[in-house]
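Below: one structure, written as structure tokens.
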Amino acid sequence: MVEGMIWLTGSVIALSVGSFITVIAYRLPQRILDPNSTLSLSWPRSHCPGCKTPLRLRDNIPLLSWLWLRGKCHACQRPIGWRYPAIEASTAVISLLLTALLPHNVMLLFSLLLIWSLLALSLTDVEFQLLPDALTLPCFGWDYCYMLLTCWQVA
């Protein structure tokens, strides 16, 4: 029972991280391409790409809201792309696999941070052909820490 709750909590966290990765992959390059943009990672709130109506709290639950709303905006009924739930679900699956396969220590934390950063970086590269320093430099840091931990455990 306790283990099930831990996995459920991990799933919710991973889905939330996946949701934030979609924000990073879209808004960070927009900010780079247009430095005068008022767009940031935290403002404006998530909204429908079609009608720009801000999402209600219950419409912003990773994966579940998209399924509940059948992939459509609650206000205008326009379709909301499948990429959002796909990224959220992929992040959750990858995170849970790493959690199942790696020891539960600092190595897992650095592995998750590296994978999440690489996922955001990959999505940004595919859509905008950009590799922002704000994503690449942390990847070097996570990778370096992971490498040090791996060498330390082998020695």
Does Thr99 satisfy being at pLDDT 95 or above, surrounded by 14 or more Cβ atoms within 10 Å (Cβ to Cβ) and under 19 Å from the mean Cα position of the chain (by Cα)?
no
Residues that are over 24 Å from Leu137 (Cα atoms) and touching a residue at least 60 places away in the same chain (Cβ under 8 Å): which helices (runs of 4 or more DSSP H) entirely in the range 1-120 hold 2 or more of them?
2-33, 83-101
How about the range 50-65: which of its residues are over 20 Å from Ser90 (Cβ atoms) and not charged (D, E, K, R)?
Gly50, Cys51, Thr53, Pro54, Leu55, Leu57
The lone condition His104 fails out of (1) within 27 Å of Tyr26 (Cα to Cα); (2) surrounded by fewer than 14 Cβ atoms within 10 Å (Cβ to Cβ) is (1)
The conditions are (1) surrounded by 13 or more Cβ atoms within 10 Å (Cβ to Cβ); (2) in contact (Cβ under 8 Å) with a residue 60 or more places away in the chain; (3) more than 23 Å from Leu148 (Cβ to Cβ), and Leu135 fails exactly one of them. Which is it?
(3)
Mind checking which residues of the range 96-133 are touching a Leu at 6+ places or on another chain (Cβ under 7 Å) and of a type in the set (Val, Ile, Thr)?
Thr99, Val106, Ile115, Thr124
Residue check for Leu55: in contact with a Lys or Arg (Cβ under 8 Å, 6 or more places away or on another chain), modelled with pLDDT under 90 and farther than 17 Å from Cys76 by Cα:
no
Could you tell me whether any residue of the range 110-119 is β-branched (Val, Ile, Thr) and under 15 Å from the mean Cα position of the chain (by Cα)?
yes
From the list Ile94, Ile80, which one is among the β-branched types (Val, Ile, Thr), over 30 Å from Leu148 (Cα atoms) and surrounded by 13 or more Cβ atoms within 10 Å (Cβ to Cβ)?
Ile80
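The values are calculated or read from the model by the stated rules, or taken from the named source; none is laboratory data. Keep in mind that what you see is a predicted model, and the values were worked out from it rather than measured. Virtual Cβ from ideal backbone geometry, glycine too; neighbours counted across all protein chains shown.
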